[in-house]
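Only one structure is covered here, and it is reproduced in the block below.
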Amino acid sequence: MTFEEFLKKNNQPSFRLKQLNLALYKQYIEDWSEFTTWSKELREKIAQEFDFNTLKVINHQKSKKGDTEKVLFSRTKNKQLLETVIMKHKDGRNTVCVSCMVGCPVGCTFCATGTMGFISNLTSEEIAEQVLFFARKLKKEDKKVSNIVFMGMGEPLLNLDNVLESIEIFTNPEKMAMSPSRITISTSGIVKPLEKLLENDFKGRLAISLHAPTQELRESIMPIAKNNSLSELMTVVDKIIDNNNKRISFEYVLLKNINDKQRHAEKLVKLVKGKLIHLNLIPYNPVPGFTLQTSDRNQIDRFSAVLSRARVPHTVRVSMGKDIDAACGQLATKKTK
Ligand code: SAH
Ligand code: SF4
């Protein structure tokens, strides 16, 4: 049942929905009992129909510096585990990194989540609740969630309907009212749903996990690339840039001796030069049990220098929260722990 259906069933006027949205998504109430705008009777009815929480906190870790927090949640419906991270940047941004799945079917060779395989899709409520959890906490310090990135567990484009529904909650002016430009979907580059986003005129930001400048190399580290070729991917990316006239990010995890050589950087320049993009170089975060290695600092500098000479806009990502395994690709709640 949706909230709309609940109100109809109980013969309630339409302004009740506005009150509900206000309480949940702007005032960030923490329990139905706090929803005192409604009569006790109506409050009890909604509490019977809808569990206030779809996720339960199992563990909440903070980094030593205090700039990163990671929460392990259990789904109230089946106790499966997922993780969410918040990064509190010095410039005031508070970015929540949400999971959209438990596990991930894509199986990239460098990713801890990938080792779990696909376990399940999260619902839009479960995705939204990860953000609400931090929004409620921040409100107490007079702060807000400023950015949301789909860079936790799972591949957002393989759970697209629920992801888009959660984004509706984040951006609807009557709900969280965030600007779509503050929401980033990160994808391993699945072509069909990217075309769907283009058709639907998706207003959020996109980050494409590129990780290799050639089809052959990309296929060897990202199995999904077999059926989503680099050329098809670049074609749809070009169309999206044309359509939105907004910069797209490419992510590139640097893996020692695999994709971090000068020749890779040169090929990468050829692939992206002249496009309205920003390249994020991400030093690989070692995953226990994997033999892959992080590139040396001077190799990263050499790689970056090739890009600089060709004037490709890029940054080397500084990862936050390493001491609590909150960095990219380290979210996994089974096997690797
Ligand atoms: N499934 C989506 C979003 C989640 S992963 C995607 O793949 O884009 C978020 C980012 O973390 C991706 O760019 C991913 O490639 C990167 N990542 C995964 N494992 C990593 C690791 N061990 N070290 C550094 N980055 C990693
Ligand atoms: Fe899935 Fe992204 Fe990890 Fe690849 S990097 S396995 S797509 S979560």
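Values as computed for the structure displayed
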quantity: Search result, residues across segment 192-220 that are part of a helix (DSSP H, G or I) and open to solvent by less than 10 Å² (accessible area, probe 1.4 Å); calculated: Leu194, Leu197, Arg218
quantity: Phe170 hydrophobic (A, V, I, L, M, F, W, C) and open to solvent by less than 20 Å² (accessible area, probe 1.4 Å); calculated: yes
quantity: Of all residues making up segment 115-140, the number that are without any contact (Cβ under 8 Å) to a residue 24 or more places away in the chain and within 16 Å of ligand 1 (Cβ to nearest atom); calculated: 2
quantity: Subset of segment 282-310 (residues that are aliphatic (A, V, I, L, M) and in contact with a Lys or Arg (Cβ under 8 Å, 6 or more places away or on another chain)); calculated: Ile282, Leu292, Ala310
quantity: Arg43, sole failed condition from (1) open to solvent by less than 50 Å² (accessible area, probe 1.4 Å); (2) under 32 Å from the mean Cα position of the chain (by Cα); (3) farther than 18 Å from Glu125 by Cβ; calculated: (2)
quantity: Residue, nearest to ligand 1 (Cβ to nearest atom), within segment 141-166, restricted to residues that are part of a helix (DSSP H, G or I), open to solvent by 20 Å² or more (accessible area, probe 1.4 Å) and of a type in the set (A, V, I, L, M); calculated: Leu158
quantity: Any pair with Cβ under 7 angstrom, 6 or more apart, that starts in segment 147-169 at a residue that is in the same structural domain as Gly204 (by TED's automatic domain parsing) and of a type outside the set (A, V, I, L, M) and ends at one that is more than 16 Å from ligand 2 (Cβ to nearest atom) and open to solvent by less than 30 Å² (accessible area, probe 1.4 Å); calculated: Asn147/Thr95; Asn162/Ser124; Glu165/Ser124; Ser166/Ser124; Ser166/Ala128
quantity: Which listed residue, of Asn243, Asn298, is closer than 24 Å to Met178 by Cα and assigned to a helix (DSSP H, G or I); calculated: Asn243
quantity: Boolean, Lys79 is out of contact with any Lys or Arg (no Cβ under 6 Å at 6 or more places or on another chain) and in contact (Cβ under 8 Å) with a residue 12 or more places away in the chain; calculated: no
quantity: Cβ-Cβ under 6 Å pairs, at least 6 apart or on other chains, segment 83-94 side of a type outside the set (Ser, Thr, Tyr), far side part of a loop (DSSP other than H, G, I, E, B); calculated: Glu83/Leu331; Val85/Ala326; Met87/Met320; Lys88/Asp67; Arg93/Ser146; Asn94/Val145; Asn94/Ser146
quantity: Residue selected from segment 274-290 under the condition aliphatic (A, V, I, L, M) and closer than 23 Å to Pro313 by Cβ, by the criterion nearest to the chain's Cα centre (by Cα); calculated: Ile282
quantity: Some residue of segment 48-69 being over 28 Å from the mean Cα position of the chain (by Cα) and of a type outside the set (Ser, Thr, Tyr); calculated: yes
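So that you can scan it fast, the table gives a plain yes or no per residue for (1) more than 9 Å from ligand 2 (Cβ to nearest atom); (2) within 13 Å of the chain's Cα centre (by Cα); (3) under 23 Å from His60 (Cα atoms):
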{"position": "Thr109", "(1), (2), (3)": "no, no, no"}
{"position": "Gly117", "(1), (2), (3)": "yes, no, no"}
{"position": "Ala135", "(1), (2), (3)": "yes, no, yes"}
{"position": "Lys143", "(1), (2), (3)": "yes, no, yes"}
{"position": "Leu160", "(1), (2), (3)": "yes, yes, no"}
{"position": "Glu174", "(1), (2), (3)": "yes, no, no"}
{"position": "Val191", "(1), (2), (3)": "yes, no, no"}
{"position": "Leu197", "(1), (2), (3)": "yes, no, no"}
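The values are calculated or read from the model by the stated rules, or taken from the named source; none is laboratory data. Predicted, not measured: the structure shown is a model, and the values here were computed from it. All Cβ positions, glycine included, derive from the backbone under ideal geometry; neighbour counts span all protein chains shown. Keep in mind that these areas ignore ligands, DNA and RNA; they rest on the heavy atoms of the full protein, side chains included. Shrake-Rupley method; radii C 1.70, N 1.55, O 1.52, S 1.80 Å.
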